[in-house]
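Input: a single structure, listed below in structure tokens.
Bear in mind that the values in this text are calculations on the coordinates, not laboratory data. As the structure is a computational prediction, the values presented were derived from the model and not from experiment. Because the Cβ atoms are built from the backbone with ideal geometry, glycine has one as well, and the counts that use them run over all protein chains shown.
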Amino acid sequence: MQIGMMGLGRMGANMVRRLMRDGHECVVYDINPASVAALVTDGALGAASMEEFVGKLAKPRCVWLMLPAAITGRIIDQVAALMEPADIVIDGGNSYYHDAVDQAAKLAGKGIHLVDVGTSGGVWGLERGYCLMIGGPDVAVQHLDSIFATLAPGADAGSNPPKDAGTAPFGYLHCGPSGAGHFVKMVHNGIEYGVMAAYAEGMNILKSANAGKRQRTADAETSPLENPQYYQFDIDLPQVAEVWRHGSVIGSWLLDLTAGALKGDPGLANYGGRVSDSGEGRWTLKAAIDTGVPAPVLSSALFDRFSSQGESEFADKLLSAMRYAFGGHVEKPKAGK
Ligand SMILES: O=C(O)[C@H](O)[C@@H](O)[C@H](O)[C@H](O)COP(=O)(O)O
């Protein structure tokens, strides 16, 4: 089948490669001509402008966008202006699901379908496949089935899912009308924050398992370690992460990646610890608040990211200022300073 891909960054370019490998014809466009040229070398049909890109597509045109959420809405408007009824726009980025609901209604007025596809798999997707969470009208989603089947990982080796199991065992799922795909991917990323935080916190506790041996900290006078004999373990974190990958209850792909990171750089010297967030965690909490659903783990993980970004600095200083004001307690240096 033919598909047009706009946005040829790490995700878009690899998705094109995976599609072409399975025999699909890809028309590609990006504002960076070098990204287009690289895929033309691999066999894609390139375009130098959005008009040329849309003009090269067979009807009904299928345009898949892999763009940052901040510009996706504007680009959808531009590309839809060049399209006709029955054409399909697919948004595979991490867009806010509200935008997909609103955009779909706008495009439906012109007879154009919007399919929103939460796409998980990151830089590993080319080889492993992408987990796809899909929202949109049945007719458009069915039309794109062979594209989804190629991009998705496929059934696990050796498994033979029964026909009535649907597409989920193959790694893609039509979750509902437009917006449902991004909604499911939003919650997926909220969970991602929580799971990542759980591994990070647990590993940090293990790292302190030798606290009884270490030099006393600045707070030792006021909060001494009560039982230093219980904190005498020099735990090999890379090895623990590795052993947990084999038969443990908390094994996961995120743990595989954690083990890989620790193995290559046990002290994590290559990282400063500022953890960005692109919106999905915030939107997950908005949905939880709107619907009155408790999400203490996910919110704690999100707020922890804000702290890592330096956003707790003023509050922490204020705490110290209050403590000094009422008790004359002088602030001590931070750990490691
Ligand atoms: O499932 C995935 O493949 C990831 O979730 C992917 O979509 C991306 O790496 C995140 O969007 C990063 O999100 P943050 O910037 O919010 O951490």
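For this structure, a couple of remarks:
- For the chain, the longest site-free run once GluC sites (Glu not before Pro) in DSSP loop states with at most 12 other Cβ atoms within 10 Å are removed: 1-220
- Within a Gaussian network of the chain (alpha carbon springs, distance under 10 Å), most fluctuating of Val36, Val275, Val89: Val275
- Within straight-line cross-link reach of Lys317, lysines at Cα separation under 22 Å, skipping those fewer than 8 residues along the same chain: Lys332, Lys334, Lys337
- Between Asp145 and Lys213, the simple label model (points 7 Å from Cα in the Cβ direction) yields a spacing of 6.1 nm.
- Most positive-pole-ward Cα, Cys62, Ile88, Ala295, against dipole of the chain from beta carbon charges: Ala295
- Of the three principal axes defined by the Cα atoms of segment 70-182, the extents in descending order read 46, 30, 22 Å.
- DSSP beta bridges confined to the chain are antiparallel in about 20 percent of cases.
- Additional length obtainable on full extension of the chain from Arg274 to Val240, 0.36 nm per residue less Cα span: 9.8 nm
- Across segment 160-309, the relative contact order, built from alpha-carbon pairs under 8 Å that are at least six residues apart, equals 27 percent.
- Cβ charges +1 (Lys, Arg) and -1 (Asp, Glu), total dipole of segment 21-162, debye: 100 debye
- In this structure, Ile31 and Ala315 have a Cβ-Cβ separation that, at R0 = 56 Å, corresponds to a calculated FRET efficiency of about 0.85.
- Free of any chymotrypsin sites (Phe, Trp or Tyr not before Pro) that DSSP assigns to a loop and that have at most 14 other C-beta atoms within 10 Å, the longest stretch within the chain is 1-232.
- Note on Glu201 and Leu257: the model spin-label points, each 7 Å out from Cα along the C-beta direction, lie 2.0 nm apart.
- Shape index of segment 125-255: Rg/Rh, with Rg the Cα radius of gyration and Rh the Kirkwood radius from the inverse mean 1/r over Cα pairs, equals 1.21.
- Entry note, the chain: the mean residue ellipticity at 222 nm calculated from DSSP H runs of n ≥ 4, each adding -39500 (n - 2.57), is -14000 deg cm²/dmol after division by the residues and rounding to the nearest 500.
- Largest-first ellipsoid semi-axes for the chain, taking √(5λ) over the Cα gyration tensor eigenvalues, angstrom: 45, 24, 19
- Loop-located trypsin sites (Lys or Arg not before Pro) in segment 263-303, at most 16 other Cβ atoms within 10 Å (DSSP): Arg274
- Each of Ala325, Val249, Gly202 was scored by the projection of its Cα onto the charge dipole of the chain, and the greatest displacement toward the positive side belongs to Ala325; charges sit on the C-beta of Lys, Arg, Asp and Glu.
- Bridge type composition, segment 71-186 - antiparallel percent by DSSP, nearest 5: 40 percent
- Isotropic mean projected area of the C-alpha convex hull, segment 233-337 (nm²): 10.8 nm²
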